[in-house]
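Right, one structure below, let's go through it.
The values are calculated or read from the model by the stated rules, or taken from the named source; none is laboratory data. In this text, all values refer to a predicted model and were calculated from it rather than measured experimentally. Every residue, glycine among them, receives a Cβ derived from its backbone with ideal geometry; neighbour counts consider all protein chains shown. Areas reflect the complete protein model, heavy atoms only, side chains present, ligands, DNA and RNA absent. Shrake-Rupley method; radii C 1.70, N 1.55, O 1.52, S 1.80 Å.
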Amino acid sequence: MTQLLRHGDYNADGKEDVFARDKAGALWFYPGTGSALGTRTGLGGGWNGMRDLAAAGDLTGDGKRDLLAVDTAGALWMYPGNGKGSFGTRKSLGGGWQVMNELVGAGDMNSDHLSDLVTRDTSGRLWFYPGNGRGAFGARSLIGTGGWNGLKELAGIGDYNGDGHPDLLAHSHVSNYTRLYPGTGAKDGRIGPARDVGNASDAHLVF
């Protein structure tokens, strides 16, 4: 498998699920059982035409979790979840996303009860895109001014530090540590000062 995504319950059974894209470009859904993964279901091929995938929470406000994907031409697509482990007809969210090298379904970063997106551009800046609850995003905010290309495997982790706000985790190329970036709940999605939370030499973040 070339990419694994875990970000919630996609088949409405109350258990966390996993999506995986294989080297041939097929996307697979693995239902969680609460202790393991159940029998996988194929969701079709052609997904190797996508540069990045992100499990993004409920973007449409229908109570079902959705998927985001950027294709090789730089277009962003939203795939609405149907609550059965697959997706409805995709929706284009525009082009120009080839300048982003990381997409993170980060949860509700600005405390408005809507799912949001965090991205990193090729210049190493971090951006916050507030979800509008209708399958798209509002005006973005710059929440990291540079140097973010020194981090790998940036991931939305939920409320890691127990303060009621979703946080980000990343591996640092420089310190070789897993680094926590705490969410603040601010309207512009900004994050608090980072702190190292563990050695990352043999670890991988999968979300």
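Give the number of residues within the stretch 168-194 that are outside any loop (DSSP other than H, G, I, E, B) and free of Cβ contacts under 8 Å to residues at least 24 places away in the same chain. Walk me through it before giving the result.
Restricting attention to the stretch 168-194, the residues satisfying the condition of being outside any loop (DSSP other than H, G, I, E, B) are 168-172, 177-181, 183, 191.
Of the ones still in play, those that are also free of Cβ contacts under 8 Å to residues at least 24 places away in the same chain are 177, 180-181.
Qualifying residue count, the stretch 168-194: 3.
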Hey, could you check the stretch 135-150 for residues that are polar (S, T, N, Q) and either open to solvent by less than 30 Å² (accessible area, probe 1.4 Å) or not in a helix (DSSP H, G or I) (or both) and say which is modelled with the lowest pLDDT? 145
Just to be sure before I move on: is residue 20 in a strand (DSSP E or B), within 11 Å of residue 3 (Cα to Cα), under 18 Å from the mean Cα position of the chain (by Cα) and without any contact (Cβ under 8 Å) to a residue 24 or more places away in the chain in the structure I sent? yes
If you take the residues in the stretch 8-41 that are open to solvent by 40 Å² or more (accessible area, probe 1.4 Å) and in contact with a Phe, Trp or Tyr (Cβ under 6 Å, 6 or more places away or on another chain), which one is farthest from residue 85 (Cα to Cα)? 37
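Restricting to the stretch 55-71, and then to whatever is open to solvent by 10 Å² or more (accessible area, probe 1.4 Å), within 16 Å of residue 114 (Cβ to Cβ) and not basic (Lys, Arg), can you tell me which residue is nearest to the chain's Cα centre (by Cα)? Break it down stepwise before answering.
Of the stretch 55-71, the ones open to solvent by 10 Å² or more (accessible area, probe 1.4 Å) are 58, 60-65, 71.
Remaining after also requiring within 16 Å of residue 114 (Cβ to Cβ): 58, 60-65.
With not basic (Lys, Arg) added as a condition, the list becomes 58, 60-63.
On the way: 58: 12, 60: 15, 61: 17, 62: 19, 63: 17 Å.
If we take residues in the stretch 55-71 being open to solvent by 10 Å² or more (accessible area, probe 1.4 Å), within 16 Å of residue 114 (Cβ to Cβ) and not basic (Lys, Arg), then 58 is nearest to the chain's Cα centre (by Cα).
Does any residue of the stretch 72-95 turn out to be basic (Lys, Arg) and either surrounded by 20 or more Cβ atoms within 10 Å (Cβ to Cβ) or touching a residue at least 60 places away in the same chain (Cβ under 8 Å) (or both)? Before the answer, list the steps.
Restricting attention to the stretch 72-95, the residues satisfying the condition of being basic (Lys, Arg) are 84, 90-91.
Still in the list and also either surrounded by 20 or more Cβ atoms within 10 Å (Cβ to Cβ) or touching a residue at least 60 places away in the same chain (Cβ under 8 Å) (or both): 84.
For the stretch 72-95, residues basic (Lys, Arg) and either surrounded by 20 or more Cβ atoms within 10 Å (Cβ to Cβ) or touching a residue at least 60 places away in the same chain (Cβ under 8 Å) (or both): present.
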Restricting the search to the stretch 39-55, which residues are assigned to a strand (DSSP E or B) and in contact with a Ser or Thr (Cβ under 6 Å, 6 or more places away or on another chain)? 51
If the requirement is being among the polar types (S, T, N, Q) and open to solvent by 50 Å² or more (accessible area, probe 1.4 Å), which of these qualifies: 110, 101, 132? 101
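Out of the stretch 96-106, which residues are in contact (Cβ under 8 Å) with a residue 60 or more places away in the chain and of a type in the set (Gly, Ala, Ser)? Quick ask: steps written out before the conclusion?
Narrowing the stretch 96-106 to residues in contact (Cβ under 8 Å) with a residue 60 or more places away in the chain: 104-106.
Of everything in the stretch 96-106, those that are in contact (Cβ under 8 Å) with a residue 60 or more places away in the chain and of a type in the set (Gly, Ala, Ser) turn out to be 105, 106.
In this structure, is residue 142 under 20 Å from residue 65 (Cβ atoms) and without any contact (Cβ under 8 Å) to a residue 60 or more places away in the chain? First the steps, then the outcome.
Working: under 20 Å from residue 65 (Cβ atoms): no; without any contact (Cβ under 8 Å) to a residue 60 or more places away in the chain: yes.
When the stated conditions are applied, residue 142 does not pass them.
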Being touching an Asp or Glu at 6+ places or on another chain (Cβ under 9 Å), within 19 Å of residue 169 (Cβ to Cβ) and assigned to a strand (DSSP E or B), is that true of even one residue in the stretch 56-63? yes
